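K.L.:
Right, I'll just put the structure down here and ask away after.
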Amino acid sequence: MRRLGRWLRRLLAALVAVAALLLVPVAWVELACRGTPVEGGAAPLIADPAWQRPESRTLMTYPEWSIVHAYQDYARVIGTGDPHEFGFLQAIRSFWNPLCPLKRAAMELGPVPLDSKLTIYTIGVSFTAEMLLKAAYEESLGRAAAWLRGPGRAAMDELTGAQAALYADFLRQVPWYRYDFAADRAELLAAGGSGLRDRERRVAIGTEYAAKAAYARLIAQGVAGIGPDALRMRSVLRGIGADALAGIEGVEVIGPVPPSGLLVETPRYRAFTELLLRLARTEADLVEIAGNDVILLSALSDRPAVAGALRSVPLQGASEWRHLFLVPVPALLDTLRAMPAGGLRLEHVYDY
């Protein structure tokens, strides 16, 4: 009993130490990364508080999307390779490294809401823990199983690669906790393949899916008590008529905004980015989005550095780089129109 007690105390001490280490980047970002708000600015055209969103959120939304981007990278890597080829530590750095300068810049746009910071810190710690656990397994037992399998891919490698791609695509528009991990686990357990690698993947990835399904249920219950984030957003457009907008799916014209604008309502997230690309092919220009006049976007290119980028980071599983730009809302559509000539491809516009 004494020996068991000593081991339990050691385990508890280890868990406390791990938790403290996971919270170190949170403490650093919160205490050391501060900016000074810039006063002034014109009154927003979208005056209804229900449709205004804090401008700082365009920058503070990026860390959440960096996790989405990490899962896209992971899906690309295991689509043709093995999980141990993915840079788990690189994915962790890609979340935390930009957060300090982004938070400073966000505070210059206005107060950063407490709920935004809590969300970012919570998902950041969870993502870090997940990546460390996956790295520990895939770099040891997972790598050994892949070595014993040989150079050819097993049936479970193909299936888990396809599931990772579906999950990455799902995250572009829907919160992760709504994903059906239980269905993926059932598909995994029912699929063929009886080799060592197949059995190892069923156990390892099946256990991961079961844990994520249970965690997702807890998060969903918590969100139900708070209420989900708004899925629609309002903007002011000019240079295009209501008749032309009527033919664009997802756009609802609310009414005129003097002297020459139109108030429209649109979806958010990935659907909004796709809508902007369609608007860029028209004569339209944006005046304001959700009461704000600057917005963050990311574009991809094969160059490691692009003039005007706030930050540039390499993608995994591809030869491209992601570049972040903070642009005025009135210049947004012109920026999108000019991207192909500059060797850039729009990835995402980070709404508020």
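K.L.:
Given (1) surrounded by 13 or more Cβ atoms within 10 Å (Cβ to Cβ); (2) part of a strand (DSSP E or B), identify the lone condition not met by Ile219.
P.N.:
Checking Ile219 against (1) surrounded by 13 or more Cβ atoms within 10 Å (Cβ to Cβ); (2) part of a strand (DSSP E or B), the one that fails is (2).
K.L.:
Follow-up question, since we're still on this one. Give me the residue from segment 269-279 that is surrounded by 19 or more Cβ atoms within 10 Å (Cβ to Cβ) and touching a residue at least 40 places away in the same chain (Cβ under 8 Å) and, out of that set, farthest from Arg172 (Cα to Cα).
P.N.:
By that ranking, first place goes to Leu279.
K.L.:
Quick check: is even one residue across segment 274-293 under 28 Å from Ala75 (Cβ atoms), out of contact with any Gly (no Cβ under 6 Å at 6 or more places or on another chain), basic (Lys, Arg) and assigned to a loop (DSSP other than H, G, I, E, B)?
P.N.:
No - not one qualifying residue is present in segment 274-293.
K.L.:
Taking the stated definitions as given, is Glu64 within 13 Å of the chain's Cα centre (by Cα), within 19 Å of Val24 (Cα to Cα) and in a helix (DSSP H, G or I)?
P.N.:
Values: within 13 Å of the chain's Cα centre (by Cα): yes; within 19 Å of Val24 (Cα to Cα): yes; in a helix (DSSP H, G or I): yes.
Criteria met by Glu64.
K.L.:
Can you tell me which residue among Ser194, Ser235 is touching a strand residue (DSSP E or B) at 6+ places or on another chain (Cβ under 6 Å) and either assigned to a helix (DSSP H, G or I) or hydroxyl-bearing (Ser, Thr, Tyr) (or both)?
P.N.:
Every option except Ser235 fails the conditions.
K.L.:
Tell me which of these Val112 doesn't satisfy, since it passes every other one: (1) in a helix (DSSP H, G or I); (2) in contact with a helix residue (DSSP H, G or I) (Cβ under 8 Å, 6 or more places away or on another chain).
P.N.:
(1)
K.L.:
So how many residues does segment 240-257 have that are in a loop (DSSP other than H, G, I, E, B) and out of contact with any Leu (no Cβ under 9 Å at 6 or more places or on another chain)?
P.N.:
1
K.L.:
Restricting to segment 298-352, what's the tally of residues that are within 25 Å of Val236 (Cα to Cα), assigned to a strand (DSSP E or B) and of a type in the set (Phe, Trp, Tyr)?
P.N.:
Residues that pass the stated criteria total 2.
K.L.:
Another question about this same structure. Just to be sure, is Glu288 in contact (Cβ under 8 Å) with a residue 40 or more places away in the chain and loosely packed, with under 14 Cβ neighbours inside 10 Å?
P.N.:
In short, no.
K.L.:
Looking at Asp157 and the list (1) farther than 11 Å from Ile78 by Cβ; (2) assigned to a helix (DSSP H, G or I); (3) more than 20 Å from the chain's Cα centre (by Cα), which single condition is not satisfied?
P.N.:
(1)
K.L.:
Answer yes if at least one residue in segment 50-68 is at pLDDT 90 or above, more than 28 Å from Glu347 (Cβ to Cβ) and in the same structural domain as Glu158 (by TED's automatic domain parsing), and no otherwise.
P.N.:
Within segment 50-68, one or more residues are at pLDDT 90 or above, more than 28 Å from Glu347 (Cβ to Cβ) and in the same structural domain as Glu158 (by TED's automatic domain parsing).
K.L.:
Tell me, which residue of segment 88-130 that is of a type in the set (Gly, Ala, Ser) and over 21 Å from Leu324 (Cα atoms) is nearest to the chain's Cα centre (by Cα)?
P.N.:
Kept after step one, since they are of a type in the set (Gly, Ala, Ser), are these residues of segment 88-130: 91, 94, 105-106, 110, 116, 124, 126, 129.
Within this subset, residues satisfying the condition of being over 21 Å from Leu324 (Cα atoms) are 126, 129.
Values: Ser126: 14, Ala129: 17 Å.
Of everything passing the filter in segment 88-130, Ser126 is nearest to the chain's Cα centre (by Cα).
K.L.:
Sticking with this structure for a sec: Within segment 171-190, identify whether any single residue is buried (at least 16 other Cβ atoms within 10 Å of the Cβ), among the charged types (D, E, K, R), more than 18 Å from Leu133 (Cβ to Cβ) and in contact (Cβ under 8 Å) with a residue 60 or more places away in the chain, and answer yes or no.
P.N.:
Taking every residue of segment 171-190 in turn, at least one turns out to be buried (at least 16 other Cβ atoms within 10 Å of the Cβ), among the charged types (D, E, K, R), more than 18 Å from Leu133 (Cβ to Cβ) and in contact (Cβ under 8 Å) with a residue 60 or more places away in the chain.
K.L.:
Continuing with the same structure: Testing Leu196 on (1) touching a residue at least 40 places away in the same chain (Cβ under 8 Å); (2) within 20 Å of Tyr215 (Cβ to Cβ), one condition comes back false. Which one is that?
P.N.:
Looking at each condition in turn, Leu196 falls short on (2).
K.L.:
Within segment 29-40, does at least one residue satisfy the condition of being in contact with a helix residue (DSSP H, G or I) (Cβ under 7 Å, 6 or more places away or on another chain), crowded, with 21+ Cβ neighbours inside 10 Å and not assigned by TED's automatic domain parsing to the domain that holds Gly255?
P.N.:
Yes, there is a match, as at least one residue in segment 29-40 is in contact with a helix residue (DSSP H, G or I) (Cβ under 7 Å, 6 or more places away or on another chain), crowded, with 21+ Cβ neighbours inside 10 Å and not assigned by TED's automatic domain parsing to the domain that holds Gly255.
K.L.:
Looking at this structure, is Gly206 among the small types (Gly, Ala, Ser), closer than 30 Å to Leu159 by Cβ and modelled with pLDDT of 95 or more?
P.N.:
yes
The values are calculated or read from the model by the stated rules, or taken from the named source; none is laboratory data. This is a predicted model, so every value here is computed, not measured. Neighbour counts are summed over all protein chains in view; Cβ atoms, including those assigned to glycine, are modelled from backbone coordinates with ideal geometry.
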